[in-house]
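Take a look at the structure set out below.
Since every read-out is calculated from the coordinates, none of them should be taken as a lab result. Because the structure is predicted, anything quoted here is derived from the model rather than measured. Note that each Cβ is placed from the backbone with ideal geometry, even for glycine, and that neighbours are counted across all protein chains shown.
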Ligand code: ARG
């Protein structure tokens, strides 16, 4: 051991704080300086996606301190010179005084442990005259130390890094390394003990990098790279430098030496897809560096490029490979590859979402006992997580509840770590999470997915079913360009369930990425707010509620499905009723058609959807489901007219099966309405008969008060009366101005003209079917306020014939007064 090292050890022993060593350490001897080598660290055994660097791997790495803390990185290029980034020292166009800065050299961790670190004051900071802002380039700086750095712990030259000559070419595709004490993710500082992080980054050619940056990224921005900039990273992101790494080196090994190819300069976020880190290329600045490094000590070493790396330098053809999102892809619509069910012994399964290889997000209330304590339970050993397409259940290693989980509904979240990461493929695959700045545009296509507990058992009495719905929760998934994001979760709600309020997930992204270190936060993909300058209100949007599209009808095509929500409900015993798909797992039908009066058992019922074409030839149905429960509203004394049939599994929206929209009540003026039924119950070719809905008053007058409330009367258009048969209880549909089809009523037993209105059952339907597509009530109601005794005696007498009554009504306009 040399004297030199002994002396520094003594000093370290007396004052373990590196700051105390400032400028007291021994400088290299003239001998050592003469044969100063570069870029050859002691042979030895993050940054985003990186890991702890082994000690002494990157001896040229320095930390630049101001105000007592680490601000930027830098590299020692000569005993008295450090290379860094200009933007670390320039604020609002002014260069900060050198006296405010100090340089920590030889540090591995920055928690004050005496690992050979020492500090030097800064005598001068030099920045190119042209430097203005990072995005304009020339982001480099030279720092002259007040005293030369001590050389390596083994008193062996090798501290400084080698610099490339201007002619030096680094081949794209080369694996290089970036190092620093910067954030390990966006807004997520390196935790104690602040061990230097290293990450392997691939050099990207100019064209490949420009290709990535020409695609809109975060904030819908593109970027034009400038000469003197260099990119390193990966199209898929996930490994990168980040805030606090700036000024630090990007080094590549050639011929046994490490050359500094770049200086960490900037990026768009950290580790984001198609946004590799941008570095200041060092080679083009050879002349500037040579010119500014002056003094008695040796300057930086610019070894010429080793011959082998020269010869190995083939200009790889650069293809423009952009990365697609790795999360949020559902190959089959309606099956969520991130759906995770957490099985805790003694309680019902809790639904959550896979957010990375090893982490599942779920409501904390599934696992925390709110009364006894908010301490996570202990026996994680017995817990299991079921993931799609995984033969065996996963085991749980850790439960991390959100710190506000037990007292704030919006933070009712917990992360569960799996014991072993799962291989990501088509399934399981994580869902994408939004960054804090994500904005789901109005009209985004969103869907509900199960969340937490509260999934109803197969068959429940109505009362119980209502309770089970009130307890259950949903998560909101929103799609952008075919990629699904977890946009929000809904906490407990009682009573009124629409409109729903979801707690946005954007606010939790930082916590989730902090805990998981690698959840898939994905940039906003949809930015189209519609044509510029045009009022979006005036555009005719496709019909659509908070649960996605509804009531769409494909263009008439011979063999296509013309009525994608029309279902055949086959009841055991041979009866076939009309049903209407109101949500992916639910069909609405007339009670009298599906249930025999007085019967207490649920009949065996099959539902067919997706009948193609108009021809009377028997057609294959594309979809069939069993009915697993029948739900009826609670009607005082009266037998309820509408029944909801729960299907054995969801019918995902497709051109052959789409849910209809539901009207919250009333009928808007001028809507065109149709009774949709079958010509005859045998071949069941769909037919529609045009009708007009009469005002309640007229209806009431015609039927003399014998109608249950909420009954609609229709008047058939000329020659349309006999188009459909009535035993199947056909539905009454209206078309909105925008063209969407809205379910307005279901036929009352045995009647051609009377329909049970949907509107009055809105609460029951939406409480039973979370995803029912009720349109928001728009416009003023068509019907005038109801009064009593408004029936003209002539109309009342004409109750046998609505047509005659209407005729009378038109002749006596005063009655409508
Ligand atoms: N400008 C940052 C700093 O001052 C470095 C950012 C690097 N970002 C990136 N995504 N590569 O530390």
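Brief remarks on what is shown
- Stokes-Einstein diffusion coefficient of the range 242-301, Kirkwood radius over Cα pairs, 20 °C, 1.002 mPa s, in µm²/s: 160
- Normalised by the number of residues in the range 376-435, the average gap of Cα pairs under 8 Å and 6 or more apart makes the relative contact order 28 percent.
- Residues of the range 122-143 with amide N under 20 Å of a point placed 7 Å along Cα→Cβ from residue 91: 122-128, 131-135, 139-143
- For the range 157-182 and the range 55-119, distance of Cα centres in Å: 18
- Anisotropy class of the range 37-153 from Cα gyration tensor, a/c 1.5 cut: prolate
- Whole-Å distance, taken between Cα centres, linking the range 212-240 and the range 688-751: 60
- Estimated distance in nm for a label pair at residue 690 and residue 219, the labels positioned 7 Å out from Cα along Cα-to-Cβ: 5.6
- More than 25 Å apart - percent of Cα-Cα pairs taken over the range 95-229: 47
- Packing, taken as the mean count of other beta carbons within 10 Å per residue, orders the peptides 299-309, 137-147 from highest to lowest as 137-147, 299-309.
- Ordering 248-257, 323-332 by mean Cβ neighbour count within 10 Å, with the highest value first, yields 248-257, 323-332.
- The range 77-141 - percent relative contact order, Cα under 8 Å, separation 6 or more: 37
- The label point for residue 331 and the one for residue 66, both projected 7 Å from the Cα toward the Cβ, are 5.2 nm apart.
- Extension gain, residue 320 to residue 682, is 124.4 nm, computed as 0.36 nm per intervening residue step minus the present C-alpha separation.
- Theoretical FRET efficiency, 1/(1+(r/R0)^6), r = Cβ-Cβ of residue 397 and residue 52, R0 25 Å, to 0.05: 0.75
- Added length on full extension, which subtracts the Cα-Cα distance from 0.36 nm per residue, residue 404 to residue 129: 94.0 nm
- Packing, taken as the mean count of other beta carbons within 10 Å per residue, orders the peptides 764-773, 99-108 from highest to lowest as 764-773, 99-108.
- Placing dummy labels 7 Å off each Cα toward the beta-carbon, the span from residue 192 to residue 507 is 2.9 nm.
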